[in-house]
Ligand code: HEM
Ligand code: SF4
Ligand code: FES
């Protein structure tokens with residue numbers, strides 16, 4: 001519908017619009033970000049639970065890693081489940097990042113960049129405000145981490161991977177010894193720990209944000225519950241994973 | 001009380017602006033911010049200088065005409081209070097106050113503290129209304145509306161259209177304003193026949209005029225009408241609903 005726009009009340013300067021005229025709406029971009037973000041959240045939660053199998057010893061962990069490759073065989077081919085996950089996650093991460101960049105550039109333009117200096121000052125800067133403001137930074141940290149993580153424990157490419165890396169074969173997996181070898185190097189452990197803190201912050205804002213983005217009306221009571229759930233998930237995922245490099249460095253796992 | 005006020009002076013959208021420092025010696029705690037500016041302006045006129053341009057109308061918090069950024073916060077330090085209802089008792093004697101226009105790409109400066117907020121009018125004009133026959137008032141009981149529904153619509157219709165949410169937003173987004181508009185009209189039976197058409201028009205226009213939402217929540221912190229943050233989710237919800245229902249008007 002196209003109602004006539006009221007005339008500019010002052011002066012005769014042409015109307016400059018702060019938004020965008022692309023056919024790709026920000027509403028669609030936000031739905032895509034929320035859905036792909038939730039796919040990632042579910043993935044990192046399940047992945048963390050799987051990682052905790054390391055505490056059941058080498059056999060349990062290796063056979064879990066082996067099962068991931070042979071799951072649903074022969075319905076699925078060798079590594080079938082893994083490849084389905086990889087494709088879904090790759091498409092998700094690309095869509096998530098492309099939408100993030102489009103939205104970020106629209107936001108910069110609408111805010112006004114240098115012409116309208118950022119002057120807002122919020123009462124207090126709580127953890128959730130900080131998490132929201134640092135999405136771009138934590139997102140970039142996560143992307144770099146994911147690349148490092150794949151080179152380290154999936155492809156075994158040095159210098160990311162430890163020296164004694166052994167690739168999985170059709171018969172067996174060496175996930176346990178690869179993991180212990182990798183985390184025995186303290187810089188590698190540090191990278192994992194820092195990345196998990198970034199993940200916690202990204203999840204903290206991302207989970208709350210995705211509920212709003214999906215168009216779900218959240219009252220003030222429900223918002224508190226939602227924020228608490230997001231904090232809980234963020235902490236559980238991050239701390240669950242962080243215990244592993246700590247356990248290796250302290251010699252609890254070897 | 002004695003106050004030092006740094007005020008943004010700008011002749012028009014085409015020229016650059018800057019802060020100019022003024023002192024008011026005889027300010028009083030019970031003065032409102034527009035009264036402080038009135039006081040300063042009579043001082044300036046006496047000295048033969050140009051008075052500071054700023055917008056106000058009702059000065060009782062209902063019209064949404066006022067709005068400046070005070071010490072970095074749209075409307076000022078008192079939460080959920082329009083600029084015209086902010087008083088000097090929020091400041092201490094000898095304080096330094098910084099006043100500047102609402103900042104956002106969508107709000108070009110007209111002069112000094114006055115900005116052009118017609119982008120918001122264009123959003124409303126693209127469907128944010130109810131096309132009813134505005135003849136004589138109907139009998140109050142002809143249309144029954146449950147109490148909760150009426151309350152909900154009233155909560156979201158409280159928006160006074162000031163634009164503070166947009167000025168507070170790091171993304172220059174209008175979601176609190178747009179969402180409150182869509183929510184209250186979608187709640188009431190009078191708004192339902194045009195619900196889908198309205199959502200398409202209003203959301204498309206808001207995307208042309210303003211930025212996207214990142215759920216920072218800055219808007220609801222400053223809103224003088226206390227519009228709840230849940231309003232922002234109505235933008236995506238109503239847009240998705242209208243998209244799924246394709247060309248239907250309702
Ligand atoms: C490899 C992992 C990830 C990368 C590289 C990444 C990247 C990014 C980036 C760059 C942004 C900034 C968008 C902005 O500033 O507007 C962002 C926002 C967001 N992320 Fe992620 N992300 C990742 C994982 C996740 C996960 C696990 C979630 C789980 C919910 C998630 C949910 C979100 C959501 C909902 C937003 C939108 C926030 C906004 O509107 O600003 N992301 N992501
Ligand atoms: S939602 Fe609140 S801050 Fe935004 S225009 Fe309406 S009254 Fe002003
Ligand atoms: S002047 Fe009317 S709301 Fe402030």
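Evaluate segment B:135-157: report whether one residue or more is touching a residue at least 60 places away in the same chain (Cβ under 8 Å), within 14 Å of ligand 2 (Cβ to nearest atom) and not in a helix (DSSP H, G or I). No, because not a single residue in segment B:135-157 is touching a residue at least 60 places away in the same chain (Cβ under 8 Å), within 14 Å of ligand 2 (Cβ to nearest atom) and not in a helix (DSSP H, G or I). Tell me, which residue of segment B:183-207 that is more than 11 Å from every other protein chain (Cβ to nearest Cβ) and within 15 Å of ligand 2 (Cβ to nearest atom) is surrounded by the fewest Cβ atoms within 10 Å (Cβ to Cβ)? The residue in question is B:184.
Per-residue answers, yes or no, for (1) over 30 Å from residue A:130 (Cβ atoms); (2) surrounded by 19 or more Cβ atoms within 10 Å (Cβ to Cβ); (3) touching a helix residue (DSSP H, G or I) at 6+ places or on another chain (Cβ under 9 Å):
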| residue | (1), (2), (3) |
| --- | --- |
| A:163 | yes, no, yes |
| A:183 | no, yes, yes |
| A:186 | no, no, yes |
| A:208 | no, yes, yes |
| A:214 | no, no, yes |
| A:227 | no, no, yes |
| A:232 | no, no, no |
| A:240 | no, no, yes |
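Does residue A:101 meet the test of being at pLDDT 95 or above, closer than 30 Å to residue B:73 by Cα, within 11 Å of ligand 1 (Cβ to nearest atom) and more than 11 Å from chain B (Cβ to nearest Cβ)? Yes. Scoring residue B:114 on the criteria (1) touching a strand residue (DSSP E or B) at 6+ places or on another chain (Cβ under 8 Å); (2) away from ligand 2 (no atom under 14 Å from the Cβ); (3) within 13 Å of chain A (Cβ to nearest Cβ) leaves a single failure, condition (1).
Which one is farthest from the chain's Cα centre (by Cα) among residues in segment B:64-73 that are assigned to a loop (DSSP other than H, G, I, E, B) and surrounded by fewer than 23 Cβ atoms within 10 Å (Cβ to Cβ)? Before the answer, list the steps.
Kept after step one, since they are assigned to a loop (DSSP other than H, G, I, E, B), are these residues of segment B:64-73: B:64-68, B:71-72.
Now restrict to residues that are surrounded by fewer than 23 Cβ atoms within 10 Å (Cβ to Cβ): B:64-65, B:71-72.
Details: B:64: 6, B:65: 8, B:71: 17, B:72: 16 Å.
Per the stated criteria, the residue is B:71.
When residue B:18 is tested against the conditions (1) without any contact (Cβ under 8 Å) to a residue 40 or more places away in the chain; (2) within 14 Å of chain A (Cβ to nearest Cβ); (3) within 22 Å of the chain's Cα centre (by Cα), the lone failure is (3).
Reported count of residues in segment A:16-42, each being facing chain B (nearest Cβ under 9 Å), in a helix (DSSP H, G or I) and surrounded by fewer than 19 Cβ atoms within 10 Å (Cβ to Cβ), is 1.
Scanning segment B:82-105 for residues that are surrounded by fewer than 19 Cβ atoms within 10 Å (Cβ to Cβ) and facing chain A (nearest Cβ under 10 Å) yields a single hit, B:98. Residues considered: A:95, A:34, A:110. Of these, the only one that is within 16 Å of ligand 2 (Cβ to nearest atom) and within 30 Å of residue B:106 (Cα to Cα) is A:110.
Evaluated against (1) over 20 Å from the mean Cα position of the chain (by Cα); (2) more than 14 Å from every other protein chain (Cβ to nearest Cβ), residue A:199 falls short on exactly one condition, (1).
When each of B:76, B:61, B:48 is tested for being at positive phi, part of a loop (DSSP other than H, G, I, E, B) and buried (at least 21 other Cβ atoms within 10 Å of the Cβ), the lone residue that passes is B:76. In the set (1) more than 16 Å from ligand 1 (Cβ to nearest atom); (2) surrounded by fewer than 20 Cβ atoms within 10 Å (Cβ to Cβ), the condition left unmet by residue B:170 is number (1). Taken over segment B:189-240, the criterion of being closer than 19 Å to residue A:102 by Cα, in contact (Cβ under 8 Å) with a residue 40 or more places away in the chain and not in a helix (DSSP H, G or I) is satisfied by B:210, B:211, B:212, B:213, B:214, B:216. Quick check: is even one residue across segment B:226-233 within 16 Å of ligand 3 (Cβ to nearest atom), crowded, with 24+ Cβ neighbours inside 10 Å and more than 8 Å from chain A (Cβ to nearest Cβ)? Among the residues of segment B:226-233, at least one is within 16 Å of ligand 3 (Cβ to nearest atom), crowded, with 24+ Cβ neighbours inside 10 Å and more than 8 Å from chain A (Cβ to nearest Cβ), which makes the answer yes.
Could you say which residue among B:108, B:79 is within 14 Å of ligand 2 (Cβ to nearest atom) and within 14 Å of chain A (Cβ to nearest Cβ)?
It is B:79.
Among the residues that make up segment B:27-36, is at least one of them assigned to a loop (DSSP other than H, G, I, E, B), surrounded by 15 or more Cβ atoms within 10 Å (Cβ to Cβ), in contact (Cβ under 8 Å) with a residue 12 or more places away in the chain and more than 14 Å from chain A (Cβ to nearest Cβ)?
So in segment B:27-36, the residues assigned to a loop (DSSP other than H, G, I, E, B) come out as B:27-31.
Applying the additional criterion that residues be surrounded by 15 or more Cβ atoms within 10 Å (Cβ to Cβ) yields B:27, B:31.
Subset that is in contact (Cβ under 8 Å) with a residue 12 or more places away in the chain: B:27, B:31.
From the residues that got through so far, the ones that are more than 14 Å from chain A (Cβ to nearest Cβ) too are B:27, B:31.
Yes, segment B:27-36 contains a residue that is assigned to a loop (DSSP other than H, G, I, E, B), surrounded by 15 or more Cβ atoms within 10 Å (Cβ to Cβ), in contact (Cβ under 8 Å) with a residue 12 or more places away in the chain and more than 14 Å from chain A (Cβ to nearest Cβ).
Taking first residues from segment A:77-90 that are closer than 17 Å to residue A:46 by Cβ and partners that are in a helix (DSSP H, G or I) and at pLDDT 95 or above, the Cβ contacts under 8 Å between residues at least 6 apart in sequence or on separate chains come to A:85/A:43; A:88/A:39; A:89/A:39; A:89/A:40; A:89/A:43. Go through (1) more than 14 Å from ligand 2 (Cβ to nearest atom); (2) closer than 25 Å to residue B:209 by Cβ for residue B:71 and report which single condition fails. Unmet condition: (2).
The values are calculated or read from the model by the stated rules, or taken from the named source; none is laboratory data. Everything numeric here is computed off the predicted structure, so don't read it as measured data. Neighbour counts are summed over all protein chains in view; Cβ atoms, including those assigned to glycine, are modelled from backbone coordinates with ideal geometry.
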